[in-house]
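Reading through the structure tokens given below for one structure.
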Amino acid sequence: MESGGHTPAQHEVEASPCSCSSPGEAPGSAPGTMCPACESSSSRPRATSSTEVPAPEGQQVLEITRRRSNSGSEIFEPDRLDCERKVYMSRSERMRLRRALTKVAAGHGGMNILKDFADLPEGDGVPEFINKTYDEAEVWAYRDLQRHWDPLLRFTPRFHGEVHCKEHDEEGRVFDGRYIRLTNLLRQFKRGPHVMDCKVGIRSFREAEVGRSKLRKDLYEKLVELDPNAATPEEREAGGCTKHRWMSFNDSYTSLQSLGFRIDGIVHSKDVTGEAPHSELKHARTLDQMAAVILKYFMPCAPPGGELRPLLQSVARTVLERLRILMSMMQQSAFVRTHSFVGSSLLFIADADGPLAGVFLIDFAKTTPLPKGVVITHRDPWVLGNHEDGLFIGMDNVIHCWERVQEMLSDSASSF
């Protein structure tokens, strides 16, 4: 959950303000307007002692500060961070991170996301950062956004450098682990918020993947699970399909190709399962169907003694306002003008009992600079070689979907 920091838990210790522009001021905004990270920031506890984490000879290290959280538990955190720093962790600290692995919506978790410096008892606190498996293209994208103070920074995680550590595979062999540190976007929300991941754009595959012929059994199994009649005779005989074949079919079967976005996952607190059924999400292909899914799974629950409809209307207004501002920032962004967005997501977060809600843009591993001389509209149909991504098509339809949510909430005959 792009995700930068996408876990269904959250901070007990508040983060320090980011340096998004003039102190506390968001890039591309009116003076005095804060980015989402600054909006939720306040003073942090003072450090009580510090220690250095050993690094390989000749490598740079980052000083680690040991302090205590508001609950009295120790936390390790970096004193200073910048885009060129590298952090090296000892094995014991690495094991503490291992215990903090967290599953989140739509794949923003698992073994490629680590909660950073959460040296807390089980169930306590949420860290200020997450560590995501290193991807050079994603690092380049974050550095470019931050180097030019792009307006999109109001809606993205902050990149805080690399984390290097020794890891062990299943056979005990040691290898170098490499991660990127990102702001944990959930830190500004109460514990256990509702989280929704929406893929945005009209395709989820890069143009380079179109010509690759490697057959994969795992993707063939996904293909026939989604539609038992989808496989060609050749694919059935081979028992495999290409990555492009699976991704393009999945895009056309779901709403991504037609509407420019799809709901890939929702984590919530409304029942014991904790998440929306993926089969239900796959079959939500119209704006009305997706609006109904949002109301059913993502929107907050009524607080004790509180009224539900006014709460949901407040959240819908907040989300729509944020989406419209994000669309405006995209239209102003030099980064958007010069890049093709593939596989990026909108991360929606709302407190389980409302009314706080937010929208963020995450996942830039497949975001690539346009070739020299190429200009795209982010709206034209994609054909191989034109690099169109449908980003603005998706944003328009996400906004229309939330407008439909608002309409449903205004209908007195609707029940939730």
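Computed from the coordinates by the stated procedures, all read-outs in this text should not be read as laboratory data. Remember, predicted model here, so these are calculated numbers, not experimental data. Please note: Cβ atoms are built from the backbone with ideal geometry, for glycine as well, and neighbour counts cover all protein chains shown.
Label points 7 Å out from Cα along the Cβ direction at Lys214 and Ala137: separation in nm?
1.4
Which entries of Lys190/Lys366; Lys214/Lys366; Lys217/Lys296 have Cα-Cα distances beyond 27 Å here?
Lys190/Lys366; Lys217/Lys296
Any chance you could run the full-extension gain for Val375 through Gln313? It's 0.36 nm times the residue separation minus the Cα-Cα distance, nm to one decimal.
Details: separation 62, 0.36 × 62 = 22.32 nm, distance 3.91 nm.
Residue separation times 0.36 nm, minus the Cα-Cα distance, leaves 18.4 nm.
With θ set to phi - 60°, apply the Karplus curve 6.51 cos²θ - 1.76 cosθ + 1.60 along the range 161-177 and write out the HN-Hα couplings as whole Hz, x wherever there is a Gly or Pro.
With the stated coefficients, the range 161-177 comes to x, 10, 10, 10, 7, 7, 10, 10, 7, 5, 9, x, 6, 8, 9, 7, x Hz.
Against the globular-protein guess of 2.2 N^0.38 Å, express the Cα radius of gyration of the range 277-376 as a ratio, rounded to two decimals.
1.34
Can you find, among Ser344, Gln313, Ala238, the residue sitting farthest towards the positive end of the charge dipole of the range 230-346, where Lys and Arg contribute +1 and Asp and Glu -1 at Cβ?
Gln313
What are the radius of gyration and Dmax of the range 343-404, computed over its Cα atoms and given in Å?
Reported Rg and Dmax, both Å: 15.1, 49.
Place the peptides 297-310, 197-210, 167-180 in order of packing, highest mean first, counting for every residue the other Cβ atoms within 10 Å and averaging per peptide.
Values: 297-310: 15.4, 197-210: 21.3, 167-180: 11.6.
The most tightly packed comes first, giving 197-210, 297-310, 167-180.
So, by mean Cβ neighbours within 10 angstrom, what's the order for 335-345, 258-268 with the highest one leading? Spell out each step's value before the answer.
Numbers: 335-345: 21.5, 258-268: 23.9.
By packing density, highest mean first, the sequence is 258-268, 335-345.
Which whole-Hz ³J(HN,Hα) couplings does the range 401-408 yield from phi under the Karplus relation 6.51 cos²θ - 1.76 cosθ + 1.60, θ = phi - 60°, glycine and proline marked x?
Going residue by residue, I get 4, 6, 5, 5, 4, 4, 4, 5 Hz, with x marking Gly and Pro.
Ranking request for peptides 375-385, 144-154: highest mean number of other beta-carbon atoms within 10 Å first, then the rest in descending order.
Ranking the peptides 375-385, 144-154 by packing returns 144-154, 375-385.
Hey, can you grab everything whose amide H is under 5 Å from the amide H of Ala352? Only 5+ residues off in sequence or another chain; H modelled, so Pro and N-termini drop out.
His194
Please list, ordered by chain and number, the residues whose modelled amide H lies under 5 Å from the amide H of His283; skip anything fewer than 5 residues away on the same chain.
none
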